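Okay, structure first, notes after.
The values are calculated or read from the model by the stated rules, or taken from the named source; none is laboratory data. Remember, it's a predicted structure, so these values are computed and weren't measured experimentally. So basically every Cβ, Gly included, is an ideal-geometry build from the backbone, and we count neighbours across all protein chains shown. Heavy atoms of the whole protein, side chains included, go into the accessibility calculation; ligands, DNA and RNA do not. Shrake-Rupley method; radii C 1.70, N 1.55, O 1.52, S 1.80 Å.
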Amino acid sequence: MDGVLTVAFLKAAIIAGTPLLFATVGEIITEKVGNLNLGVEGMMLMGAVIGFQVAHVTSNPLLALIAAALAGAIGALIFAFLTVSLRANQVVTGLALTIFGTGFSSFMGKGLVGIKLSDEFSASFTSIKIPGLGDIPVIGEILFNHDILVYLGYLTAILIGLYMYNTRKGLNLRAVGENPAAADAASVRITAYKYGHILLGGALCGLGGAYLSLVQVPVWQENITAGRGWIAVALVIFAAWNPYKALIGSYFFGGLDIIGFRLQGTGIQISQYFVDMLPYLMTIFVLVIVSLKKDRKNAPPKALSEPYFREER
Amino acid sequence: MQFRVVKKPEISQKQYFLIMLAAITLALLTSGLFILLLGFNPLGVYASMIQGAFGSAYRIEQTIVAAVPLIIISLGVAIAFKMKFWNIGGEGQVIMGAFFASFLALNYQHLSRPLLLLLMVVAGFIGGALWGLIPAFLKAKWDTNETIVTLMLNYIALKWVTYLQYGPWKDPASLGFPKIANFTENAILPKLFGVHIGWVIALILVVIMYIFMNYSKKGFEIAVLGESINTARYAGINIFRTILFTMFLSGGLCGLAGMIQASAVINTLSVEVAGGVGFTAIITAWLGALKPHWIVVVSVLFAAMVQGGSYIQTAFGISAASASIIQAMILFFVLGSDFFTKYKVVIGSSLPADRKGAK
Amino acid sequence: MQNGSVYVSMRDITKTFGNVVATDKMNLDVAEGEIHALLGENGAGKSTLMNMLSGIYIPDSGHIFIGGKEVKFSSPRDAINAGVGMIHQHFKLVDVLTALENILLGKRKGFLLNKKQHYHEVRKIMEQFHLEVDLKKYIYDMSVGEKQNLEILKTLYRGARILILDEPTAVLTPQETVVLFKIMRRMKEQGCSVIFISHKMNEVMEIADRITVLRKGKTIATLNKAETNPEELTELMVGRPIDLSINRIERVTDKRVLKVRDLRAVNEEGVEVLKGLNFDICAGEILGVAGIAGSGQKELCEALAGLYPVKEGEILFKGENLVGKTPKEFITRGISMSFIPEDRLGMGLVASMDMVDNILLKQYHHTKGFLKKKPAAAKAEEIIKKLDVQTPGIHHPIKNLSGGNIQKVLLGRELDSHPELLITAYPVRGLDINTCLRIYDILNEEKKKGVAILYIAEDLDSLLGLSDRIMVISNGEITGIVDARKATKEQLGAMMLGKKEEEYAV
């Protein structure tokens, strides 16, 4: 494997892990507030297609990213309205959102298939070497010579982590997911917290999708996420609902995602299709490992996927 | 001005039905608005969809062909959902069922048609069932999240068939085109009244599953387990075995649908064999309230929507994906409407008029 | 009444849930610096009324005045701002957070969490009210008493002047109750209005200044404690004179039905939850089990019923060792034991199913092939008649019945199999007095038939009144088995806290 674990490979793993990171952190914040949104794949696709569409029309990267985040948030809004306000079953609603998002992206993306974004647009996402950090041997090249969205990914995970564990709102947020009745009695506004964080989570999923369509691939293709949304859902469990750990998980799976290309280069005889199975197999493997060692620290939020109604008797 | 939610007294069957109807109407209206935004006349589009689904004998046949796998997979999904086992791996189970059946179809062409077809049915069932047993075992043994495992297995199954199609099973006669050889005649299901015999199988399965879910001991155990694991343990139900059995059945039904698709519809194995029907079946199973007879109704409607969707693609140039948007929309509205069967929203002041007079 | 001014006033409060009128034009006046007891049976509307005062429920109609001003709460936040704090029966604490974090929850002052600064503020209040709470402890490591103190502290920290305690003593040992009453008196001295919800007469008589009695959603009367007595209160509460004494029937034989020897079990985390239990139950005997919640009662019952893995030891039922047998074997092999679990809807019954299906739950193993619903339906009718179950019909989902009727369905089904050993965990929890008495009667009837009964309860009065012997467990160990005729509450309380009883009275 020496030939595989090169600096270039690890660097590419960070890039491939970035959409996963956005989506995973987005889902973490959603689940932390007590809602299991299985629509990650759908929201990513919505973000990916809308981002691409806007990028294609305006060539404005900022607008494209904002549009993608909004698209993800709108998907999340449907979910939030149904599960928070109307107390619908979260599993089925999430699945419906994925089906909707998949249909939506294939509908919107029909005329876009095969189109490549302009070079000037892509130029906005060229690598920027961070002065100082980027000069550290090996690590500097792997971690600190990337496009701006990769850095935004680091920043998002860390900021969300700080927010969750070190702020007052973060404390309330965790309480809502653990025990909404307790949080409610302590005058935390449950509905506002749920909506706010579900929407934020959706926006991050939208960004994750946009990273795929705008930066990683820059050519529109149908079903561009190829199950990454689901891997993100699994990564949440792997990361034990901790945004910092999501960094590790995402980049690890990013590596698995691209290992096929690397293996081909090294001349190892294995079918590409088996290599393509790796992220999925590894996800199952990771889930089994996590379920083997259950403890309080790695437990899901206690009120996850239960609707809350103050006057329930 | 404020509004708040209060619990409703129990509602009647009729009210329930009306609420559902309202939900579907609203879903169609919202979708219609969407179609209007695209610059088409929604009524015209809907009319064409109906045309496309039921407009001629051939179209009706095609709709039934599309409904068959939907019904069978929905039954499979429904029994797992009844146990609150979120099997969203129908897609993969279909593919594996088709794979098992295709293995026989491609390698044992010399067998007589009834025998080969029978063996293929069994193989299809077992293929799907085995694929369903993996998440069941993981869930029963270590409580591993089945939603994600079943989903991952979809992708793995898909990659596996891709591998076969592009690799060892590629038909040498197809001149380099990545395609698996067509089945011989004796591996293809016969037709009855113009539609392959799968529809008969589907209807028989509906009856069997209806009886199974309502009158059999195992069906009862599955329902109890779905409601509460502790009650199931208390009642002496073997949790481990019930989970495995249920998923064997659930996956098996999906696999059987895969066999039917491979044998009767595309006459070979391909990556397209499931084509998303495993996901649509989740919607139909849920909308059919996990009840076999309702599943038939919903599945036929959805099949009609899919057929209509591909028809309007040619007629109006609207993407066939619009059908899945409308489907998701209906699901959204029905999911949301459930709320109104349990609660009502009181708008305005929280206190009745008499208090205003008192002040 | 200590000082005359009315501080809280609730007028004509009505609240309905679906078809149920929970409170019907209720009235309540509470003064400053008084402890006011709300007395009523389960379902009388005590908690509902107080949930409206604390902003959790919104009344359908009526007025609430605090300090003379009308208030309208639409959320707990409004109530807290008006100085109302409620300590719920089910603590509203987040398990995975520390005590301090729980106190800070929902307060909004500043963006970052500054735990140090708040720590000192909280300490000050603890000193003022003589409360003792370890602020750095996680909730999941706390005992019930500690959690309750924390709840009180939390409420006081939010500046509550009106404290509502919803059945605070239900889960406490007698010793912890003494501490709680001290804290309540201290709050009263500080000028707080304390509302104390209870249905325990002796506690109300001990701590309250005034008492308001509620019955079936209506306010019946408000009385000064000094001018009333338990008999009058009971009559007001139940609506008719009632004999609260529990009969004890003498046991007749010494035939041992169940022998438990050195029973050990460990939980999922590897902690030993049953630490070598030894006891017997005779035919026609009620063996009471007392203990602080979570001392191993649940594990003991489930181990006996084959639902909890036993690590070591023997469970000898009429000489046959049951260890390692599954509940299904119990049913199919005719081991005549019945278990009434604590969690009726979560374990004993299927909430969304009807009576017929719930009865099938214990019968279907015996039938071959398909389900036989007819005999189960007949059984259902029989149980309805025998135990006077109030239900719209046998095909009505169980979850829509009242707690008492649900318990009757469960008991009816279990007694139908004519068990020789009956294990009952908290069989009267949450039930009204009449149903409680009816359940005691049923247990006594079974006892008379020679059934051996293991009776787990939290209410020491019923344990002392009903049992022949009382086994006290503390932290998974038996601290003593005493004669119920001779034991005192104080003695049981000490044993519940782990003090070993040396002289075994068998």
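Working out 0.36 nm times the residue gap between B:Asn107 and B:Thr30, then minus their Cα-Cα distance, what length gain in nm do you get to one decimal?
Numbers: separation 77, 0.36 × 77 = 27.72 nm, distance 5.06 nm.
That pair, B:Asn107 and B:Thr30, stretches by 22.7 nm at full extension.
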**OP:** Would you calculate the volume per residue, in Å³, of the smallest convex hull containing every Cα atom of the stretch B:197-287?
**Re:** 110
Original post:
How big is the C-alpha Rg of chain A next to the rule-of-thumb value 2.2 N^0.38 Å, as a ratio?
Top reply: 0.99
**OP:** Using label points projected 7 Å from each Cα along Cα→Cβ, tell me how many nm separate C:Val252 and A:Leu162, to one decimal.
**Re:** 7.9
Original post:
Considering every residue in C:57-64, what mean count of other chain Cβ atoms within 10 Å of its Cβ is obtained?
Top reply: 4
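Using r as the Cβ-Cβ distance of C:Glu329 and B:Gln15, and R0 as 51 Å, what FRET efficiency do you calculate, to the nearest 0.05?
Values: r = 46 Å, r/R0 = 0.90.
The calculated FRET efficiency here is 0.65.
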Original post:
Residues with amide H under 5 Å of C:Gly480's amide H, sequence separation 5 or more or different chain, H placed in the peptide plane at 1.01 Å from N; which?
Top reply: C:Val472, C:Glu501
Original post:
With labels modelled as points extended 7 Å from the Cα through the Cβ direction, what inter-label distance (nm, one decimal) is found for B:His293 paired with B:Arg4?
Top reply: 4.2
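For chain C, what does the relative contact order come out to in percent, with C-alpha contacts under 8 Å and a separation of six or more? Provide the component values of the computation, followed by the final result.
Working: 995 pairs, mean separation 75.4, N = 506.
Reported relative contact order: 15 percent.
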**OP:** Kindly compute the accessible surface that chains C and B hide from a 1.4 Å probe when together, both sides summed, and give it to the nearest 100 Å².
**Re:** 2900
Subject >> Phi to ³J(HN,Hα) by Karplus 6.51 cos²θ - 1.76 cosθ + 1.60 over the stretch B:236-251, Hz, x for Gly, Pro >> reply: x, 8, 7, 4, 4, 5, 5, 4, 5, 4, 4, 6, 4, 5, 4, x
Original post:
By how many degrees, 0 to 90 and rounded to 10, does the Cα axis of helix C:433-448 deviate from the longest principal axis of chain C?
Top reply: 20
Subject >> Accessible surface buried upon C-A contact (total; probe 1.4 Å; Å², nearest 100) >> reply: 2700
**OP:** Quick one: dipole size for the stretch C:6-238, taken about the Cα centre, charges +1 on Lys/Arg Cβ and -1 on Asp/Glu Cβ, in debye to the nearest 20.
**Re:** 1000
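Averaged over peptide A:164-175, how many Cβ atoms belonging to another chain are found within 10 Å of each residue's Cβ? Working shown, then result.
Working: counts 0, 1, 3, 4, 11, 4, 3, 10, 5, 0, 5, 10.
Mean inter-chain Cβ contacts per residue within 10 Å come to 5.
Rounded to the nearest 0.05, what FRET efficiency do A:Asn60 and A:Leu155 have when you use their Cβ-Cβ distance and R0 = 22 Å? Don't skip to the answer; put the middle values down first.
Details: r = 21 Å, r/R0 = 0.97.
For A:Asn60 and A:Leu155, the calculated efficiency is 0.55.
For chain C, what does the helix formula give at 222 nm: sum of -39500 (n - 2.57) over DSSP H segments with n ≥ 4, over the residue count, nearest 500 deg cm²/dmol?
On the way: 16 runs with 164 residues, N = 506.
Mean residue ellipticity, 222 nm, calculated: -9500 deg cm²/dmol.
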Original post:
Straight-line reach from B:Lys179: which lysines have a Cα under 28 Å away, not including same-chain ones fewer than 8 places off?
Top reply: A:Lys110, B:Lys159, B:Lys170, B:Lys191
**OP:** Would you work out which of C:Asn405, C:Ser61, C:Leu28 lies farthest towards the positive end of the dipole of chain C, given +1 charges on the beta-carbon of Lys and Arg and -1 on that of Asp and Glu, about the Cα centre?
**Re:** C:Ser61
Original post:
Separation of the stretch C:250-288 and the stretch A:28-93 by C-alpha centroid, Å?
Top reply: 56
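What order, most packed first, do the peptides A:241-252, A:92-103 have when packing is the mean number of other Cβ atoms within 10 Å of each residue? Don't jump to the answer; show the numbers that get you there.
Working: A:241-252: 22.0, A:92-103: 26.5.
Those peptides, ordered most packed to least, come out A:92-103, A:241-252.
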Original post:
Over the stretch C:6-238, what percent of the accessible surface lies on carbon and sulfur atoms, probe 1.4 Å?
Top reply: 49
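Which links in C:Lys154/C:Lys188; A:Lys169/C:Lys154; B:Lys82/B:Lys217; C:Lys373/C:Lys448 stretch past 26 Å when you go from one Cα to the other? Please list the in-between numbers first.
Numbers: C:Lys154/C:Lys188 17 Å; A:Lys169/C:Lys154 18 Å; B:Lys82/B:Lys217 14 Å; C:Lys373/C:Lys448 32 Å.
Over 26 Å apart, Cα to Cα: C:Lys373/C:Lys448.
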**OP:** Could you pull out every one of the lysines with an alpha carbon less than 16 Å from that of C:Lys379, ignoring same-chain neighbours closer than 8 positions?
**Re:** C:Lys362, C:Lys408
Original post:
Semi-axes of the equivalent ellipsoid of the stretch B:51-317: what are they in whole Å, largest first, if each equals the square root of 5 times a C-alpha gyration tensor eigenvalue?
Top reply: 30, 22, 17
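Could you do me a favour and compute the accessible area per residue for the stretch C:346-417, 1.4 Å probe, result in Å²?
Values: 3060 Å² over 72 residues.
Normalised by residue count, the accessible surface of the stretch C:346-417 is 42 Å².
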Original post:
Counting pairs of alpha carbon atoms under 8 Å apart in space and at least six apart in sequence, what relative contact order in percent does chain B give?
Top reply: 36
Subject >> Magnitude of the charge dipole, chain C, Cβ model with Lys/Arg +1 and Asp/Glu -1, debye to 20 >> reply: 1160
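Quantify how strongly other chains surround peptide B:315-326 by giving the mean number of their Cβ atoms within 10 Å of each of its Cβ atoms.
Values: counts 0, 0, 1, 2, 7, 4, 10, 5, 2, 7, 9, 2.
Other-chain Cβ atoms within 10 Å of each residue's Cβ, averaged: 4.
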Original post:
Do the alpha carbons of any pairs in C:Lys46/C:Lys399; B:Lys139/C:Lys325; A:Lys302/B:Lys342; C:Lys15/C:Lys386; B:Lys7/C:Lys92; C:Lys259/C:Lys447 sit beyond 28 Å of each other, and which pairs?
Top reply: C:Lys15/C:Lys386
Original post:
What is the Cα centroid distance between the stretch B:282-314 and the stretch B:174-203, reported in whole angstrom?
Top reply: 22
**OP:** Enumerate the amide H contacts of B:Lys8 below 5 Å, restricted to partners 5 or more residues apart or on another chain; note that Pro and chain-start residues carry no placed amide H.
**Re:** B:Tyr343, B:Lys344
**OP:** Rounded to whole Hz and in sequence order, give me ³J(HN,Hα) for the stretch B:206-223 from the Karplus expression 6.51 cos²θ - 1.76 cosθ + 1.60, θ = phi - 60°, writing x for Gly and Pro.
**Re:** 4, 5, 4, 5, 4, 5, 4, 6, 9, 10, 9, 5, 4, x, 4, 4, 4, 5
Subject >> Value of relative contact order over chain A, rounded to a whole percent, pairs C-alpha under 8 Å and six or more apart >> reply: 37
Subject >> In nm, spacing of pseudo-spin labels at B:Thr184 and A:Phe81 (7 Å Cα→C-beta vector) >> reply: 5.8
Subject >> Whole-Å distance, taken between Cα centres, linking the stretch C:469-491 and the stretch C:310-388 >> reply: 30
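Using only DSSP helix segments of four residues or longer, with each worth -39500 (n - 2.57), what per-residue ellipticity at 222 nm results for chain A after dividing by its residue count and rounding to 500? Please list the in-between numbers first.
Values: 13 runs with 207 residues, N = 313.
That calculation yields -22000 deg cm²/dmol at 222 nm.
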**OP:** Would you kindly work out the equivalent ellipsoid of chain C from its C-alpha gyration tensor and give its semi-axes, the square roots of five times the eigenvalues, largest first in whole Å?
**Re:** 41, 27, 23
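Taking R0 as 22 Å, what FRET efficiency do you get between A:Ile128 and A:Ala240 from their Cβ-Cβ distance, rounded to the nearest 0.05? Before the final figure, lay out each step's value.
Working: r = 32 Å, r/R0 = 1.46.
With a Förster radius of 22 Å, E is 0.10.
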Original post:
On full extension of the chain, what length is gained from C:Glu121 through C:Glu227, given 0.36 nm per residue of separation minus the C-alpha to C-alpha distance?
Top reply: 34.0 nm
Original post:
Counting only residues 5 or more places away or on other chains, whose amide H sits under 5 Å from the amide H of C:Thr23 once H atoms are built in the peptide plane?
Top reply: C:Lys15
